[in-house]
Amino acid sequence: MQLTIEQIIFFQTEGYLIVPNVLSDDELQPVIDELEREIDDRARKLFAEGKLQALHEGEPFERRYASLHAQCREIGKGFDIQHYLGEAMFRHLGSEKLLDVVECLLGSELSCNPIQHLRAKLPAKQAGDEPDYFQNVPWHQDCAVTTPDSEASEIITFWMPLVDATAETGCMEVMPRVFKQGYINHRAEGGTMIDPDKLPDAVPVLAECPKGSLVIMNKYTPHRGIGNRSNIVRWSIDLRYHKTGANSGRSFQPSFPVRSASHPESVLTDVHEWRRLWQTVKEEKGQKLHRV
Ligand SMILES: O=C(O)CCC(=O)C(=O)O
Ligand SMILES: [Fe+2]
């Protein structure tokens, strides 16, 4: 799928764009199946350790993790893309349909940026008021989690829910056009957030996004995640891409080519190599790979 010229102009003017119907349910299903297996493996391990009383096997993807998490928070430990390193997720990072959209904004030499997350936003009733950066992400610009050497890099965020993201399930809000101001000061306490004194006086847009659609954001676009008032888990994946050769803003973590018109052989297609790249980072930092 190609973006229309109107969509590209909208993105360039507003600093965000919601693109409907990029990926079908069938195309997202391998990622969901893999997450369901991962949840099941984690649940069985915790059950064997006596930390879970019930496995909730019959519950759907949208619910089971919440039921398990209510019994044992440890189920969420290290549950992110670079920790569980699933093959279906790796294929998803380089999926042709997604990259066709990315190419419309960044050209045909594309690398996957190491800043990427899987988010399981729990129903607010259950999450309680324990501070959790992933549950209620405060206003921020994504450039705030990159190193300043990437200031000149265009790093674009592609956010996609695995369930319908609505005002009720906890979609994002974005501030249109504010990206033109560039970097706004952030502070780190309570999660990386725009310094409240510097928060722009813009009217936010509710970025509701059905499953299979994308929210695309400029790295200077202020956005936040709103609370999940529903009973389901708001699963989402946020990925970033940049032009191959540009600073990623995380030079100590792996970036890798996902598409290249000039050197197609440079594209990383080997999931073992991808895992090795991430595992090497952890070894260098003296950390072990977290798999609960
Ligand atoms: O998923 C959310 O609620 C916020 C996500 C976010 O800030 C991002 O993907 O950059
Ligand atoms: Fe963000």
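The values are calculated or read from the model by the stated rules, or taken from the named source; none is laboratory data. Being a predicted model, the structure only gives us computed values, none of them experimental. A quick note on method: Cβ atoms are made from the backbone with ideal geometry, for glycine too, and the neighbour counts reach across all protein chains shown. All accessible areas refer to the heavy atoms of the entire protein, side chains included, with ligands and DNA or RNA removed. Shrake-Rupley method; radii C 1.70, N 1.55, O 1.52, S 1.80 Å.
Odds and ends about this structure:
- Under 24 Å, Cα to Cα: Lys pairs in the chain, sequence gap 8 or more or different chains: 25
- Available extension along the chain between SER95 and THR4 is 30.8 nm, counting 0.36 nm per residue and deducting the alpha carbon span.
- Sparsely packed GluC sites (Glu not before Pro) within the stretch 144-222, loop by DSSP, other Cβ within 10 Å at most 12: GLU189
- Relative contact order of the stretch 5-284, taken over Cα pairs closer than 8 Å and 6 or more residues apart, is 30 percent.
- For the chain, the dipole from Cβ point charges (+1 on Lys and Arg, -1 on Asp and Glu) about the Cα centre works out to 660 debye, to the nearest 20.
- Each label point was placed 7 Å from the Cα along the Cα-to-Cβ direction; for HIS117 and THR269 their separation is 3.3 nm.
- Placing +1 on the Cβ of every Lys and Arg and -1 on the Cβ of every Asp and Glu, with no other charges, gives the stretch 196-249 a dipole of roughly 180 debye about its Cα centre.
- The label point for GLN279 and the one for GLN181, both projected 7 Å from the Cα toward the Cβ, are 4.5 nm apart.
- Note on LEU199 and GLN126: their simple-model spin labels are 2.8 nm apart, each label 7 Å out from Cα toward Cβ.
- Taking packing as the residue-averaged number of other Cβ atoms within 10 angstrom, the listed peptides 49-59, 230-240 run from highest to lowest as 230-240, 49-59.
- Paramagnetic label reach from LYS51 (point 7 Å along Cα→Cβ; backbone nitrogen cut-off under 13 Å): within the stretch 219-246, no residues.
- Between GLU59 and ALA88, the FRET efficiency estimated from the beta carbon spacing at R0 = 25 angstrom works out to 0.75.
- Accessible area per residue in Å² at 1.4 Å probe, computed on the stretch 5-284: 43 Å²
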